[in-house]
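What follows draws every value from the coordinates through simple rules; no lab data is involved. Keep in mind that this is a model prediction, so the values were computed, not measured. Neighbour counts are summed over all protein chains in view; Cβ atoms, including those assigned to glycine, are modelled from backbone coordinates with ideal geometry.
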Amino acid sequence: MRRFPILAALLLAGCALHRMPTAAPSHPLEHHVLSETARFAARIGVKVQGVITTRARMVPAIAPLYPGEKVPAAGWYSNGRAEYFRWVIRDHDRDYGTALAAHEVCHARHHGEAEADACARLLVAGEGCPR
């Protein structure tokens with residue numbers, strides 16, 4: 001779980017209530033994040049639809065290289081949908097996709113980033129998620 005701090009930085013910047021155009025998954029890592037979304041949603045008993053989006057949602061960088069730097073969000077949760085930006089998903093590995101899916105699913109129960117992060121850590125570790 002060494003990637004969790006990087007994931008948390010991207011997620012803190014990326015979780016918001018905003019929908020983008022969707023696309024059918026066409027890459028193994030896209031299929032993976034969507035299947036993990038379904039798996040985690042079933043595990044904690046929430047209804048979350050995972051979708052791949054093709055348009056970036058630019059957000060302020062957590063650790064900017066220059067003032068005002070913006071980066072594409074990896075994913076965000078909104079009203080029962082976990083949206084994942086195609087090019088960020090493809091640029092990482094399966095562990096990242098698993099942690100990202102867990103975090104976004106946890107937003108179905110927890111609005112705050114810290115609470116969603118804590119829930120996601122428990123899900124990835126094979127434990128339950130607190131209500």
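Descriptive notes on the structure:
- Remark on residue 75: its backbone amide H falls under 5 Å from those of 85, a criterion applied only to residues 5 or more positions apart or on other chains, H modelled at 1.01 Å from N.
- Seen from residue 26, the other residues with C-beta closer than 11 Å to its C-beta sum to a net charge of +1, counting Lys and Arg as +1 and Asp and Glu as -1.
- Residues with amide H under 5 Å from that of residue 49, placed H, sequence gap 5 or more: 81, 82
- ³J(HN,Hα), Karplus 6.51/-1.76/1.60, whole Hz, each residue of the stretch 51-66, x for Gly, Pro: 9, 9, 10, 10, 10, 5, 10, 7, 9, x, 5, 5, 10, x, 7, 8
- Across all directions, the shadow cast by the convex hull of the stretch 50-121 built on its C-alpha atoms averages 5.2 square nanometres.
- Amide H within-cut-off set for residue 110, under 5 Å, with H built and near neighbours excluded: none
- Calculated from backbone phi, Karplus (6.51, -1.76, 1.60) coupling profile of the stretch 101-111 in Hz, x at Gly/Pro: 4, 4, 4, 5, 4, 4, 5, 5, 10, 10, 7
- Label positions at residue 61 and residue 78, each projected 7 Å from the Cα along the C-beta direction, are separated by 2.5 nm.
- Positive minus negative residues near residue 118 (Lys, Arg vs Asp, Glu; Cβ under 13 Å): -1
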